[in-house]
Structure formats: structure tokens, C-alpha cells
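Step one of this worksheet: look at the structure below.
The values are calculated or read from the model by the stated rules, or taken from the named source; none is laboratory data. Since the model is a prediction, treat every value here as computed from it, not as a measurement. Note that each Cβ is placed from the backbone with ideal geometry, even for glycine, and that neighbours are counted across all protein chains shown.
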Amino acid sequence: MPIDDDLYESLRMELRRGSLVLAVLARLREERYGYTLRQALAGDGLEMEESTLYPLLRRLETQGLLASEWREEDRRRKRFYRLSPEGEAMLARLLDEWRGISASLSAIIDKTS
């Protein structure tokens, strides 16, 4: 039976959505601006469109998980992001949850394969 490409794409995006939040928070343990964050994530195998990244950064900042500031670098103004103290605490909690989910999924997948 052929796999429905639209259904696959929808489920793939749903799977990635939560993972991207965790990846962005983890990468912002080190201060970065949007472009270098995008490059770092792509280097890790998690490519993300600007139209996905920048709204996510704004949302995380609004939620108090990120802090940002505008600076001039190479004669251009860039917005640098980093985890706030609340973001660091949230990342720690989410990483614990992720590790538990990952272990459970590994056990389930290993039993069925």
C-alpha cells in the first residue's frame, strides 16, 4: 500500500514541531543571533526556515524563556538571543521529559521490530 505523501508530511511536521523548541532552547545556552542559530541547527541536521525560526524566537521571548538585545556587529544591527534564567530551568525540565519519552519510545520500538 503506498504511503500518502501529504499525510506523511503532516505527521512529520507534527513530530518535528516540539523537537525544534527543544533544539532552539538547547542551542541558546550559548548566545547567538538568528542567522548563526539557523546555521548551527542546520549543521546538527535540523534545518529550519526563517519563517519558522523568527516567530518561534519571538514566542519563546514573550514566554520569558529567552532574553534578547540589539547590537551592532560588522556595521549591522543584529538581535542576539540567549536563555533567560527561566529558560534555563525550563530547558532542564524539558530535557528530563525528552529523555524519558525517548527511553520509552526506544523500548516500544525495540519490542515491535
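Things to note:
- Hits in region 59-76 (condition: under 28 Å from Met13 (Cβ atoms) and surrounded by 15 or more Cβ atoms within 10 Å (Cβ to Cβ)): Leu60, Glu61, Leu65, Leu66, Ser68
- Which listed residue is at pLDDT 95 or above, surrounded by fewer than 11 Cβ atoms within 10 Å (Cβ to Cβ) and not in a loop (DSSP other than H, G, I, E, B), from Arg79, Arg93: Arg93
Residue-by-condition table, conditions (1) buried (at least 16 other Cβ atoms within 10 Å of the Cβ); (2) without any contact (Cβ under 8 Å) to a residue 24 or more places away in the chain:
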position	(1), (2)
Asp6	no, yes
Glu9	no, yes
Arg27	yes, yes
Arg32	yes, no
Thr36	no, yes
Leu41	yes, yes
Gly45	no, yes
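- Matching residues, region 48-58, being surrounded by 11 or more Cβ atoms within 10 Å (Cβ to Cβ) and either farther than 19 Å from Leu95 by Cα or modelled with pLDDT under 95 (or both): Met48, Thr52, Leu53, Tyr54, Arg58
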